[in-house]
1. With all protein chains present, how much of the accessible area of the chain (probe radius 1.4 Å) comes from carbon and sulfur, to the nearest whole percent?
2. Roughly speaking, what is the stretch gain from Arg147 to Ser343, that is 0.36 nm per residue apart minus the C-alpha to C-alpha distance, in nm to one decimal?
3. What trypsin sites (Lys or Arg not before Pro) does the range 292-354 have in DSSP loop regions with at most 15 other beta carbons within 10 Å?
4. Relative to the longest principal axis of the C-alpha atoms of the chain, give the angle of the C-alpha long axis of helix 427-436, reported between 0 and 90° and rounded to the nearest 10°.
5. How high is the relative contact order of the range 371-485, in percent, with contacts defined as C-alpha pairs under 8 Å that are six or more residues apart?
6. Multiply the residue gap between Ala469 and Ser135 by 0.36 nm, knock off their C-alpha separation, and tell me the result in nm, one decimal place.
7. Mind putting together the pair-distance distribution for the range 292-358? All Cα pairs, 5 Å bins, whole percent per bin, short to long.
8. Kindly state, to the nearest 0.05, the FRET efficiency for Ser103 paired with Ser231, given R0 = 35 Å and r defined as their beta-carbon distance.
Amino acid sequence: MTSSETNPRPEPGVEGERPTASAAWELLLPAVSAPARQRGRALQSVLREAVRSGRLAAGTRLPASRELAADLGVSRGLVTEAYEQLTAESYLRSGRGAGTWVSGGVRPAVQGARDLAPRRPGARVDFRPGTPDLSLFPRSAWGAAHRAVLGRLPHSALGYPDPRGLPELREALAALLTRRRGVVADPERLVVCSGVAQATTLLGFVMRGRGAAAVGVEDPGSPEHATLFASAGLGTVPLPLDDEGLAVAPLLRSGVRALVTTPAHQFPTGIAYSAERRRRLLDWARTTSAVIMEDDYDGDFRYDRAPVGALQGLDPEHVVYTGSVSKSLAPGLRLGWLIAPASMTDEIVDRKRTMDLGNPAIDQAVLADFVTRGGYDRHLRRCQRAYRERRDAMTAALAEHFPGAEVSGIAAGLHVIARLPERCGSQADFLVRAAAAGIAVRPLSDYGAADSEGPAVRLVLGYAHLAPADISHGIRLLAGGLKPS
């Protein structure tokens, strides 16, 4: 290089000295050692990244193409082409007789990818609800289904799918839900979704398009419903529960024409709606031309008798049925379903089409194979045995270490509600002591319930993701003054 290039002159029209480029040319050496056909692109890539990262700062003058080519041992044309390409992309700029400079319009890229997935904290024992035991995921069976599907899937199936979902998956799910949940399931009205979250959002957009301003939600209930409906431009009206389910009188006064319920196993209280309450909710929907969204989030897991059938089976024209594999297989699969009334199906499908053009075809085909060949039923039976054992471990530990505690919601699902004895102190103090001891818990009040029982400690204790020994150990720590033994 010439002395003018290793100690570049100020850019015309700009005062002050610019950073030297000489120390940066060693970055280009790996590029010129690439195979001949790849050398040009490699050189462009290295130069581009040097500008993005700030290694070549804005205002740095680059060597003349002849000089840089000589230093690197490559043709001048290779360097000229790289300069021209990056100038066209605005990484560099040049002027007649003024040389080539690093553009001032490039900003260094933010390096690294953050992981925003929700993670459980580094607690010694985590009783927060909502997650199944992911170690039970049937990896071998799922892998076999994946290989079988890839071996027979026609090329045409890799194009854009029906936004409702692959026909074979809709048929498999319709048969499964009819058999297990008592749903009226027409494959033509079944839409495969990215979990209940997307099903909720789809319904929200359709209801907003029909003029709705708000949706009724259970109180206590899932905090996610309010967030999802808000994304569709809808407000939510919290509606209280009683011992039989959602209270009807407040619903009638609310004026809403859409409602979200979890009637098979209310979240989080564990109430199974009574037959009378189910009937009265359907009467309300028919009388007011309203729609009920049934979130059947864990309807497959009941331990005292057969699962309570879905509300949708009683009136498929007024109930939108939703469910997913998030609690039965794994939430990371992002596979769920929605069964719509005939009057809403086309609107929901149109919205699904504009939202994402449909779910991934291969994932759908694998789930269809897994369901059709009986793998899903076998997996549910395995989980049922494991979760019943863990439910029993939870109730036994509470009875041993918190005598007098009131435990409810034990007949189904993946969590229980525990009202601890008064000797445990106030809920606020209890939660502070639990956190200090490394025990993660969530109070019932986190789910929006008004505290009608004074200072009592009421916890929502998840158990499905914990081994029986961990459950017993965690409850013992709580009872032992929240101090390790």
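1. Heavy-atom surface of the chain belonging to carbon and sulfur, 1.4 Å probe: 52 percent.
2. This chain segment gains 66.7 nm when fully extended.
3. Sites meeting the loop and neighbour criteria: Arg305.
4. In the chain, helix 427-436 runs at an angle near 50 degrees to the longest axis.
5. 31
6. Answer, rounded to one decimal: 118.7 nm.
7. Whole-percent P(r) values from 0 Å outward: 4, 16, 19, 22, 20, 13, 4, 2, 0.
8. 0.35
The values are calculated or read from the model by the stated rules, or taken from the named source; none is laboratory data. The structure displayed is predicted, hence computed values, not measured ones. Neighbour counts are summed over all protein chains in view; Cβ atoms, including those assigned to glycine, are modelled from backbone coordinates with ideal geometry. Note: accessible area is taken over every heavy atom of the protein model, side chains too, but ligands, DNA and RNA are not part of it. Shrake-Rupley method; radii C 1.70, N 1.55, O 1.52, S 1.80 Å.
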